[in-house]
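*Asks:* Once you've had a glance at the structure underneath, I'll fire off some questions.
The values are calculated or read from the model by the stated rules, or taken from the named source; none is laboratory data. In this text, all values refer to a predicted model and were calculated from it rather than measured experimentally. In this analysis, Cβ positions are derived from the backbone assuming ideal geometry, glycine residues included, and neighbour counts consider all displayed protein chains. Note: areas computed on protein heavy atoms with side chains; ligands, DNA, RNA excluded. Shrake-Rupley method; radii C 1.70, N 1.55, O 1.52, S 1.80 Å.
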Amino acid sequence: MVDRIGVVGYGYWGSKHVRVLGGLPDVAVTVIDSNADRLAEAGRVHPGAEVECDLESALPDLDAVVIAAPPRAHCGLSLLAIEAGKGVLVEKPLAMTVPDAELMVERAAGKGVCLMVGHTFEYNAAVWKLKEIVDSGELGRILYIDTARLDLGRYQRDCNVIWDLAPHDISIISYLLGEMPTRTEVWAQGHVGRDLADVAYVQMTFERSDVQSYSHVSWLDPRKVRRITVVGERKMAVYNDLSDNERIRVYDIGVDVPDPDDVHALPVSYRNGDIVSPYVQFTEPLAVQDAHFVNCLRSGRRPDTPGERGLDVVRVLASTDKAPEALTVSVRRGMKTVS
Ligand SMILES: NC(=O)c1ccc[n+]([C@@H]2O[C@H](COP(=O)([O-])OP(=O)(O)OC[C@H]3O[C@@H](n4cnc5c(N)ncnc54)[C@H](O)[C@@H]3O)[C@@H](O)[C@H]2O)c1
């Protein structure tokens, strides 16, 4: 049996969904985009795909829907699909407000349909390997996690850089530690246009693990950086998503504090050892994620990243907003408890 999946939004990311879904066995794709030029492009690149200009008219012929439209449209489009009884995979962030995300989760549960969020990095073999390393205890007690997600662009129109890029870091760090943060602190500023923050630092507190994380996200940086650094008491690990063959490196280095009674000792001593890069088989994470979605639809299995996981991340994102209007405030420094 062939499942027909509608991909809403044939932009930068939606076009990748169309490519990977089109490569899955027994899946047919309908491309839905309200922009006629984007639809024409989809028809040219994927001559076998059906095209439609709005979700409502496409819905009767669809078995499921992938939402890859801008974040502000996620809630309304998802509710349309859920009401029609279709399973939905929604790109990150699940929604732009906590009440919207809660409504999506509640309606999907009420209708008994699959709601999954596209936290792509939770389908990434390098992130799985990093978690394996953290869980094995090889790094020792985790002291802190630092992340950098920087580039020149892609500026978004309807959300700031935190809502655009930090969902990845919140998802990765909380996945690694197995818990959600309870507190966030934010420094953010808009430098270009000045109405939306384009550079931000988000600090998160993970109480149970007693770990602080520091995430730098930016649309205004000369270099593309995608880096996660996990610093443990014994070793440190760095995951560089841009590396072809050494995406993870484990550094056998560290700092020891000498005997406090030794008045002649240096403040710390340094340990230096091997740097090891474990083999990580590359499989395109988006392809793994979309295949998992189709598998969940067919088997009735609960997705590894269900709507509730998306809601958890939206709660953290919302805590970085000092006030609802903060998305349009250019300079702010806020400290919030995640509730
Ligand atoms: N998981 C990832 O790594 C990743 C990477 C990039 C983007 N994304 C997410 O993907 C989503 C799309 O981002 P993008 O960069 O591709 O945006 P984009 O602006 O490039 O594309 C959005 C497309 O949606 C269409 N659209 C807008 N409203 C619509 C509607 N109501 N009905 C039908 N079509 C509509 C637009 O015409 C456009 O073609 C966002 O949620 C973004 O956060 C995820």
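*Asks:* Being assigned to a helix (DSSP H, G or I), away from the ligand (no atom under 13 Å from the Cβ) and not charged (D, E, K, R) is the filter; apply it to segment 1-44 and report the residue that is most open to solvent (accessible area, probe 1.4 Å).
*Replies:* Gly22
*Asks:* Suppose we filter Ala126, Ala84 for residues that are of a type in the set (Gly, Ala, Ser) and either out of contact with any strand residue (DSSP E or B) (no Cβ under 8 Å at 6 or more places or on another chain) or under 24 Å from Ala318 (Cα atoms) (or both); which single one remains?
*Replies:* From the options Ala126, Ala84, the qualifying one is Ala84.
*Asks:* Report, by residue number, each residue of segment 53-70 that is within 9 Å of the ligand (Cβ to nearest atom) and charged (D, E, K, R).
*Replies:* Within segment 53-70, just Asp54 meets the criteria.
A quick yes/no check of all residues on (1) in contact with a strand residue (DSSP E or B) (Cβ under 8 Å, 6 or more places away or on another chain); (2) closer than 22 Å to Gly140 by Cβ:
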{"position": "Arg183", "(1), (2)": "yes, no"}
{"position": "Gly190", "(1), (2)": "yes, no"}
{"position": "Asp195", "(1), (2)": "no, no"}
{"position": "Ala200", "(1), (2)": "yes, no"}
{"position": "Val217", "(1), (2)": "yes, no"}
{"position": "Leu220", "(1), (2)": "yes, no"}
{"position": "Lys224", "(1), (2)": "yes, no"}
{"position": "Ile228", "(1), (2)": "yes, yes"}
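*Asks:* Here is a list of conditions, (1) surrounded by 16 or more Cβ atoms within 10 Å (Cβ to Cβ); (2) touching a residue at least 60 places away in the same chain (Cβ under 8 Å), and Gly153 meets all of them except one; can you say which number that is?
*Replies:* Only one criterion is unmet by Gly153, namely (1).
*Asks:* Continuing with this model, one more query. Determine which single condition Pro93 fails, assuming it passes every other condition in (1) surrounded by fewer than 17 Cβ atoms within 10 Å (Cβ to Cβ); (2) touching a Gly at 6+ places or on another chain (Cβ under 9 Å); (3) outside the structural domain of Gly254 (by TED's automatic domain parsing); (4) not small (Gly, Ala, Ser).
*Replies:* Against the list (1) surrounded by fewer than 17 Cβ atoms within 10 Å (Cβ to Cβ); (2) touching a Gly at 6+ places or on another chain (Cβ under 9 Å); (3) outside the structural domain of Gly254 (by TED's automatic domain parsing); (4) not small (Gly, Ala, Ser), Pro93 comes up short only on (1).
*Asks:* While we're here: For a quick check of your reading of the model, give me the residue pairs whose first member lies in segment 70-84 and is within 22 Å of Val161 (Cα to Cα), whose second is assigned to a helix (DSSP H, G or I) and among the small types (Gly, Ala, Ser), with beta-carbon atoms closer than 8 Å and at least 6 apart or on different chains.
*Replies:* Within 8 Å, the pairs are Cys75/Ala101.
*Asks:* Follow-up. So, in segment 134-149, of the ones that are without any contact (Cβ under 8 Å) to a residue 40 or more places away in the chain and small (Gly, Ala, Ser), which residue ends up surrounded by the most Cβ atoms within 10 Å (Cβ to Cβ)?
*Replies:* Ranking the qualifying residues of segment 134-149, first place goes to Gly137.
*Asks:* Any idea which of Ala81, Ala73, Ala49 is within 13 Å of the ligand (Cβ to nearest atom) and either among the acidic types (Asp, Glu) or more than 27 Å from Tyr155 (Cβ to Cβ) (or both)?
*Replies:* So the residue among Ala81, Ala73, Ala49 that is within 13 Å of the ligand (Cβ to nearest atom) and either among the acidic types (Asp, Glu) or more than 27 Å from Tyr155 (Cβ to Cβ) (or both) is Ala81.
*Asks:* Of all residues in segment 169-184, how many are surrounded by fewer than 23 Cβ atoms within 10 Å (Cβ to Cβ) and within 13 Å of the ligand (Cβ to nearest atom)?
*Replies:* 0
*Asks:* While we're here: Could you grab me the full set of residues in segment 197-250 that are crowded, with 16+ Cβ neighbours inside 10 Å and assigned to a loop (DSSP other than H, G, I, E, B)?
*Replies:* Within segment 197-250, Ala197, Asp198, Ser209, Trp219, Lys235, Asp241, Ser243, Arg247 meet the criteria.
*Asks:* Then there's this: Of the residues Val313, Val280, which is outside any loop (DSSP other than H, G, I, E, B) and either surrounded by 12 or more Cβ atoms within 10 Å (Cβ to Cβ) or modelled with pLDDT of 95 or more (or both)?
*Replies:* Val313
*Asks:* Taking Lys111 as the residue in question, decide whether it is outside the structural domain of Ala166 (by TED's automatic domain parsing), within 14 Å of the ligand (Cβ to nearest atom) and of a type in the set (Lys, Arg).
*Replies:* No.
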